[in-house]
Structures are given as C-alpha cells and as structure tokens.
Amino acid sequence: ENTLLEVQDLKVHFGGKKLFRKAQIVHAVDGVSFTVPKGKAFGILGESGAGKTTTALAVLRLVPLTDGTVRIDDAEFSALRKNELREARHKVQIIFQDPYSSLNPHRRIGDIVREPLDLMDIGLETDRDQMVLDLFVQVGLQPELTLLFPHQISGGQKQQVCLARALATKPALIVCDEPVSAIDISVRAQILNLMRKLQEDLGLTYLFFSRDPGVVQYLCDHVAVMYLGQVVEQADRIALFSNPQHPYTKALLAAVPKVRPQVGNEKKVPLAGDPPSPINLPMGCRFADRCPVAFEKCYRVVPELKDRGNGHMASCHLLDKGLVTAKLGNGLE
Ligand code: SF4
C-alpha cells in the first residue's frame, strides 16, 4: 500500500499563562504517529479534549507544530515555508464539524464553491462556472441551488456544499473534523454514503476525526484511538472493533448502545468522569484516574505503545502481562 500521509511524533504544546511564576504548558498533542495509505479512510476516535481538532489543524499546518513531521505524498509538509505552503495547500482540504459557521452567510453557495478556484487560479476563468456546476452534481446538489444563500438550504445540504468546496482543488487528502456530528441524525447516513462514494469515485484519502465509534466503524479502514493528546490504540477497523485491547477503547465502545442484549458474564466498563487536564498531566498512564483496572505501576510508569500482534498497537501495562481480557472481558457485550 502506498502511503499518502505520514505523521511522525507530532507534538503541539501551547504556552499558557504564567501562574505562580511557572509557565503553564498545554500538551494538546503529545507524540502522535500514524500513516494513512492512499485511497483509504483513517479514523481518529476519542472524546472531546483528546486533542483531535488540534491534530487535524496541525496536519494542515493551521497551528504551529512544537515538534514532529508531517509528510504528504512524500513531501515534507511540515518543513514548507509560508509561500511554498500556499502552493501545497490545494492537496489537502478540511471539512469542519459545523457547516453552519463555515459558510459565509452573505455569499451565494455557488460563489462559495467557486472561491477556491479563483483563489488558486484553477482552470480558465471562463470555465469556472461550469466547474462549479460539475462539483454540485458530484456531491448530489441540484445545479439550480447555486444562487441560494446558506440560510436557505438544510444542514445536510450545507455539508454537501462544504464537500463541493473542498473538492474544487482536487485534493488528495481530506481532513474531516466531526463532519456529521452537527447535522440532523436523519441525514447523517446520507452524507457518510456520499463521502464513501466520493472516495471510491475519486480515489480520495480521508483523515477522519470523530467521537462517535459508529461513524468511524462505518467509514474508516484503520482506526487510532486518542486519549489526552496521545494514541493509546491503533489497528485496522475489524481488529479494533471486534477485539479492542486498551481499557479506554473497551470503555468507549461499551458506552455505545448495543442492539443485542448483554450475554455472558463479561463486565461492562463504565467510562466515568472527565479526562485530566492537559496542563497537569499524571505521571504514569494518562488514563489511570479513570481506568477500572489500574494498579500501582500505572500511577508511576508510562505504558509503551507496542505491537500486540498483526500490527495491532496498544499501550497498557496489563497487556504486557496479557491480563486485560482476564480482568475486563472484551467489554463489548
Ligand atoms: Fe489502565 Fe494501567 Fe492499562 Fe493505563 S496502564 S490503561 S491505568 S491498566
């Protein structure tokens, strides 16, 4: 498989206010690595506060990187200077969670989709109206809607407009930050199906951030689970959802309502409380305060992200002893 995106040891730390003479550092993203093969959808799953949005913005160089590298199509995106970055930007587009605020309310939606064509000088000027119409058709919007303003269309249609605008530059990678969580549940499936169809038709690669395991399971081929700025588990979709290894992943998946009733005597894992602050990080495992199976070592020693077989990565001391399943069940039923 050819790699399209490679993120290596990405760190984004924000310098906070000085308190008690000590500068407070927010470890928003703290050593994240993953690779995304061309034409695949890579999901990053985690609660809010896990560092998903900061990771998304860092991949696009929309926030300064503290450390690490981002390579897109073998070019070191993280090393580009400002003027080079403008040129390279057409390769990567982002779709935000909230289609309501990401569209300018004073512009007609046809002009919104045309904007990147004009800004990046794509195609002949005389061809651009037709290019906009083609983009509308591609995302399933009626061409006659081009003259409407964002408030005159539905939430689902707004996200279709965002997709059309993103596709205008013929990107290789689309970064999606919770793209369906703000739209009505009844049209979510329609947007996800559209994204899947576009991926097949255009060979797109997605980096897809979500807190919703169901959405990630539906769309993504590979999944990384993030907790407090770090990846705690990573595997292909089938392995991650059928055989989660990390207690946090188990808890996250167990929280999703299941159609099947509980079977067997495996324990369901409650995911109580909030993640600790990314300013005062715990010494050992970052999940220890909320982990139902934490033991003494967890509070002292940081667990390593290791391959647990067939490239299924997870970081937990109990896995080193092969004990998570014994203590916790598979957490899925
Ligand atoms: Fe829980 Fe310890 Fe594993 Fe962290 S290392 S997930 S606290 S058992």
Qualifying residue in the stretch 38-49 (condition: under 21 Å from GLY273 (Cα atoms), of a type outside the set (Val, Ile, Thr), crowded, with 21+ Cβ neighbours inside 10 Å and modelled with pLDDT under 95): yes
Test: residue in the stretch 179-199 that is surrounded by fewer than 16 Cβ atoms within 10 Å (Cβ to Cβ), within 29 Å of LEU5 (Cβ to Cβ), charged (D, E, K, R) and touching a helix residue (DSSP H, G or I) at 6+ places or on another chain (Cβ under 7 Å): yes
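Please tell me if LYS11 is in contact with a strand residue (DSSP E or B) (Cβ under 6 Å, 6 or more places away or on another chain), outside the structural domain of PHE287 (by TED's automatic domain parsing), at pLDDT 95 or above and among the basic types (Lys, Arg).
Judged against the criteria, LYS11 is a match.
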Output for the stretch 289-322, where each listed residue is modelled with pLDDT under 95 and closer than 18 Å to GLU47 by Cα: ASP289, ARG290, CYS291, PRO292
Which numbered condition LEU80 misses (of (1) surrounded by 15 or more Cβ atoms within 10 Å (Cβ to Cβ); (2) more than 25 Å from GLY203 (Cβ to Cβ)): (2)
Matching residues in the stretch 66-75 - criterion: being under 19 Å from GLN93 (Cβ atoms) and surrounded by 17 or more Cβ atoms within 10 Å (Cβ to Cβ): VAL70, ARG71, ILE72, ASP73
Candidates ILE112, ILE94, filtered to the one that is more than 21 Å from the chain's Cα centre (by Cα), modelled with pLDDT of 90 or more and among the aliphatic types (A, V, I, L, M): ILE112
Failed item in (1) closer than 18 Å to LEU45 by Cα; (2) more than 10 Å from the ligand (Cβ to nearest atom); (3) at pLDDT 75 or above, with ALA251 passing the rest: (2)
Pairs where the first residue, in the stretch 43-59, is under 13 Å from CYS176 (Cβ atoms) and the second is in a loop (DSSP other than H, G, I, E, B) and modelled with pLDDT of 95 or more, C-beta under 6 Å, 6+ apart: GLY43/CYS220
The stretch 299-308, residues that are more than 9 Å from the ligand (Cβ to nearest atom) and without any contact (Cβ under 8 Å) to a residue 40 or more places away in the chain: ARG300, GLU304, LYS306, ASP307
Filtered residue count, the stretch 282-298, keeping only those that are loosely packed, with under 15 Cβ neighbours inside 10 Å and more than 8 Å from the ligand (Cβ to nearest atom): 2
Check on LEU271, at pLDDT below 90, surrounded by 15 or more Cβ atoms within 10 Å (Cβ to Cβ) and more than 15 Å from the ligand (Cβ to nearest atom): no
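The values are calculated or read from the model by the stated rules, or taken from the named source; none is laboratory data. Just so we're clear, the structure is a prediction, and the values are computed from it rather than from any experiment. Glycine also receives a Cβ, built like all others from the backbone with ideal geometry; neighbour counts cover every protein chain displayed.
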